[in-house]
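S.K.: Have a look at this one before I ask anything.
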Amino acid sequence: MPRLHLRSSIQHLLIAPRFRKIRLLVCDVDGVLTDGGLYYNEQGEVSKRFDVRDGLAIRMLQRAGITVALLSGGRSGAIEQRALHLNLEHCYIGVGDKLRRMNDLGKELSMKREHIAYLGDDLNDLAVRPVTGILIATNDACSALKSQADWVLRCHGGHGAVRELAEALLSSQQKLMDAQREGWRDANS
(Lines give C-alpha, C1' and ligand atoms only; values in the text may rest on other atoms or scores of the structure.)
Protein backbone atom coordinates (compact mmCIF):
# COMPACT_ATOMS: atom_id res chain seq x y z
CA MET A 1 0.00 0.00 0.00
CA PRO A 2 1.53 3.36 -0.96
CA ARG A 3 2.31 5.88 1.76
CA LEU A 4 0.14 8.98 1.48
CA HIS A 5 1.33 12.32 2.76
CA LEU A 6 -1.69 14.58 3.05
CA ARG A 7 -0.68 17.79 1.36
CA SER A 8 -3.86 18.35 -0.61
CA SER A 9 -7.57 17.80 -0.35
CA ILE A 10 -7.33 15.08 -3.01
CA GLN A 11 -4.91 13.08 -0.87
CA HIS A 12 -7.16 13.64 2.14
CA LEU A 13 -10.07 12.15 0.20
CA LEU A 14 -7.96 9.08 -0.52
CA ILE A 15 -7.09 8.41 3.13
CA ALA A 16 -10.46 9.46 4.63
CA PRO A 17 -12.01 5.97 4.24
CA ARG A 18 -9.19 4.60 6.42
CA PHE A 19 -9.78 7.37 8.98
CA ARG A 20 -13.44 6.36 9.24
CA LYS A 21 -12.38 2.99 10.68
CA ILE A 22 -10.19 4.41 13.48
CA ARG A 23 -11.40 3.58 17.00
CA LEU A 24 -8.07 3.87 18.87
CA LEU A 25 -5.46 6.63 18.64
CA VAL A 26 -2.15 5.91 20.33
CA CYS A 27 0.23 8.84 20.79
CA ASP A 28 3.87 8.98 21.68
CA VAL A 29 4.43 11.75 24.23
CA ASP A 30 7.83 13.44 23.95
CA GLY A 31 7.94 15.19 20.60
CA VAL A 32 4.22 14.62 19.96
CA LEU A 33 2.24 15.95 22.94
CA THR A 34 5.27 18.02 23.91
CA ASP A 35 7.84 19.86 21.85
CA GLY A 36 10.44 17.30 22.93
CA GLY A 37 12.22 19.70 25.27
CA LEU A 38 13.10 18.61 28.79
CA TYR A 39 13.25 21.32 31.45
CA TYR A 40 15.32 20.45 34.55
CA ASN A 41 15.18 22.39 37.79
CA GLU A 42 17.96 22.55 40.43
CA GLN A 43 16.65 19.38 42.10
CA GLY A 44 16.87 17.44 38.82
CA GLU A 45 13.11 17.28 38.37
CA VAL A 46 11.82 17.37 34.80
CA SER A 47 8.92 19.46 33.57
CA LYS A 48 7.31 19.41 30.13
CA ARG A 49 5.13 21.76 28.10
CA PHE A 50 1.82 20.43 26.76
CA ASP A 51 -0.39 22.28 24.26
CA VAL A 52 -3.91 22.96 25.56
CA ARG A 53 -5.31 22.60 22.02
CA ASP A 54 -4.06 19.02 21.94
CA GLY A 55 -5.78 18.40 25.27
CA LEU A 56 -9.09 19.65 23.94
CA ALA A 57 -8.58 17.50 20.84
CA ILE A 58 -8.16 14.42 23.04
CA ARG A 59 -11.36 15.30 24.89
CA MET A 60 -13.16 15.72 21.54
CA LEU A 61 -11.96 12.28 20.42
CA GLN A 62 -13.08 10.71 23.69
CA ARG A 63 -16.52 12.29 23.38
CA ALA A 64 -16.76 10.89 19.83
CA GLY A 65 -16.06 7.36 21.12
CA ILE A 66 -12.43 7.12 20.02
CA THR A 67 -10.14 5.70 22.70
CA VAL A 68 -6.88 7.61 23.19
CA ALA A 69 -3.79 6.02 24.72
CA LEU A 70 -0.35 7.41 25.55
CA LEU A 71 2.72 5.27 24.91
CA SER A 72 6.09 6.65 25.97
CA GLY A 73 9.58 5.30 26.30
CA GLY A 74 10.30 8.09 28.78
CA ARG A 75 9.44 8.33 32.44
CA SER A 76 8.10 11.50 33.94
CA GLY A 77 5.50 12.42 36.51
CA ALA A 78 4.33 15.07 34.07
CA ILE A 79 3.07 12.39 31.66
CA GLU A 80 1.00 10.69 34.35
CA GLN A 81 -0.39 14.03 35.50
CA ARG A 82 -1.41 14.96 31.97
CA ALA A 83 -3.04 11.55 31.45
CA LEU A 84 -4.90 11.91 34.76
CA HIS A 85 -6.07 15.42 33.86
CA LEU A 86 -7.41 14.13 30.51
CA ASN A 87 -9.04 11.05 32.08
CA LEU A 88 -6.94 8.72 29.94
CA GLU A 89 -7.35 5.13 31.05
CA HIS A 90 -4.44 3.88 28.95
CA CYS A 91 -1.11 5.55 29.76
CA TYR A 92 2.06 3.50 29.40
CA ILE A 93 5.42 5.01 30.36
CA GLY A 94 8.94 3.63 30.34
CA VAL A 95 7.99 1.29 27.52
CA GLY A 96 11.02 -0.36 25.94
CA ASP A 97 9.17 -2.52 23.40
CA LYS A 98 6.46 -0.37 21.83
CA LEU A 99 5.47 -3.10 19.39
CA ARG A 100 4.72 -5.58 22.17
CA ARG A 101 2.81 -2.98 24.21
CA MET A 102 0.76 -1.94 21.16
CA ASN A 103 0.02 -5.56 20.30
CA ASP A 104 -1.14 -6.22 23.86
CA LEU A 105 -3.28 -3.07 23.90
CA GLY A 106 -4.94 -3.99 20.61
CA LYS A 107 -5.79 -7.44 21.96
CA GLU A 108 -7.00 -6.02 25.29
CA LEU A 109 -9.37 -3.62 23.51
CA SER A 110 -10.32 -6.14 20.78
CA MET A 111 -9.10 -3.75 18.08
CA LYS A 112 -8.10 -4.92 14.65
CA ARG A 113 -5.10 -3.31 12.98
CA GLU A 114 -7.29 -1.14 10.71
CA HIS A 115 -8.95 0.36 13.79
CA ILE A 116 -5.66 1.70 15.21
CA ALA A 117 -3.85 4.95 14.37
CA TYR A 118 -0.47 5.85 15.83
CA LEU A 119 1.12 9.31 16.04
CA GLY A 120 4.87 9.51 16.56
CA ASP A 121 7.99 11.52 15.84
CA ASP A 122 11.10 9.36 16.01
CA LEU A 123 12.79 6.08 15.14
CA ASN A 124 11.34 4.13 18.09
CA ASP A 125 7.86 4.80 16.68
CA LEU A 126 8.62 2.86 13.49
CA ALA A 127 8.44 -0.37 15.48
CA VAL A 128 4.63 -0.18 15.75
CA ARG A 129 4.03 -0.27 11.97
CA PRO A 130 3.03 -4.01 11.91
CA VAL A 131 0.12 -3.45 14.33
CA THR A 132 -1.00 -0.02 13.16
CA GLY A 133 -3.58 0.71 10.47
CA ILE A 134 -2.40 4.28 9.96
CA LEU A 135 1.03 5.55 10.95
CA ILE A 136 1.19 9.34 11.31
CA ALA A 137 4.22 11.59 11.84
CA THR A 138 4.51 15.10 13.18
CA ASN A 139 5.94 17.63 10.75
CA ASP A 140 9.19 17.79 12.70
CA ALA A 141 9.57 14.00 12.96
CA CYS A 142 12.76 12.29 11.88
CA SER A 143 13.05 11.71 8.15
CA ALA A 144 12.93 7.90 8.45
CA LEU A 145 9.52 8.02 10.13
CA LYS A 146 8.22 10.68 7.76
CA SER A 147 9.21 8.58 4.75
CA GLN A 148 7.31 5.55 6.06
CA ALA A 149 4.28 7.36 7.49
CA ASP A 150 0.86 7.25 5.86
CA TRP A 151 0.41 10.92 6.71
CA VAL A 152 2.79 13.69 7.73
CA LEU A 153 1.04 16.46 9.65
CA ARG A 154 1.59 20.16 9.02
CA CYS A 155 1.99 20.84 12.77
CA HIS A 156 5.03 20.14 14.89
CA GLY A 157 4.91 18.06 18.05
CA GLY A 158 3.68 20.01 21.06
CA HIS A 159 2.22 22.68 18.80
CA GLY A 160 -1.20 21.38 17.77
CA ALA A 161 -0.25 18.13 16.01
CA VAL A 162 -2.81 16.08 17.96
CA ARG A 163 -5.44 18.74 17.26
CA GLU A 164 -4.73 18.63 13.51
CA LEU A 165 -5.04 14.84 13.50
CA ALA A 166 -8.17 14.83 15.69
CA GLU A 167 -9.96 17.28 13.41
CA ALA A 168 -9.14 15.14 10.35
CA LEU A 169 -10.34 11.96 12.07
CA LEU A 170 -13.51 13.54 13.40
CA SER A 171 -14.24 15.22 10.09
CA SER A 172 -13.91 11.93 8.20
CA GLN A 173 -16.35 10.36 10.69
CA GLN A 174 -18.82 13.28 10.42
CA LYS A 175 -18.33 14.09 14.13
CA LEU A 176 -16.65 17.49 13.91
CA MET A 177 -19.37 19.78 12.57
CA ASP A 178 -21.38 20.00 15.82
CA ALA A 179 -18.37 21.15 17.83
CA GLN A 180 -17.39 23.64 15.14
CA ARG A 181 -20.93 24.99 14.94
CA GLU A 182 -21.85 25.05 18.63
CA GLY A 183 -18.46 25.38 20.29
CA TRP A 184 -17.16 23.45 23.30
CA ARG A 185 -19.10 23.60 26.54
CA ASP A 186 -17.04 21.45 28.89
CA ALA A 187 -13.92 22.53 30.76
CA ASN A 188 -10.92 23.16 28.56
CA SER A 189 -7.98 20.82 28.82
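The values are calculated or read from the model by the stated rules, or taken from the named source; none is laboratory data. Owing to the predicted nature of the structure, the values given are computational and were not obtained by experimental measurement. Using ideal geometry, Cβ is built from the backbone for each residue, glycine included, and neighbour counts are taken over all protein chains shown.
S.K.: Hey, among the residues in the stretch 78-103 that are outside any helix (DSSP H, G or I) and in contact with a Lys or Arg (Cβ under 6 Å, 6 or more places away or on another chain), which one's farthest from residue 50 (Cα to Cα)?
M.R.: 95
S.K.: Tell me the residue from 129, 75 that is among the charged types (D, E, K, R), within 19 Å of residue 24 (Cα to Cα) and surrounded by fewer than 22 Cβ atoms within 10 Å (Cβ to Cβ), please. Give the steps one after another, and end with the answer.
M.R.: Numbers: 75 fails: within 19 Å of residue 24 (Cα to Cα).
Only one candidate passes the filter, namely 129.
S.K.: Taking the options 105, 170, 88, name whichever one is at pLDDT below 95 and either aromatic (Phe, Trp, Tyr) or buried (at least 16 other Cβ atoms within 10 Å of the Cβ) (or both). Spell out the reasoning first.
M.R.: Numbers: 105 fails: at pLDDT below 95; 88 fails: at pLDDT below 95.
Criteria check complete, one pass: 170.
S.K.: Report, by residue number, each residue of the stretch 107-121 that is out of contact with any Ser or Thr (no Cβ under 9 Å at 6 or more places or on another chain) and in a helix (DSSP H, G or I). Let's see the steps before the verdict.
M.R.: Taking the stretch 107-121 as the starting set, the residues that turn out to be out of contact with any Ser or Thr (no Cβ under 9 Å at 6 or more places or on another chain) are 107-108, 110, 112, 114-115.
Across the stretch 107-121, the qualifying residues are 107, 108, 114, 115.
S.K.: In the stretch 1-37, what count of residues is obtained for those that are under 20 Å from residue 139 (Cα atoms), at pLDDT 55 or above and not in a helix (DSSP H, G or I)?
M.R.: So the answer is 13.
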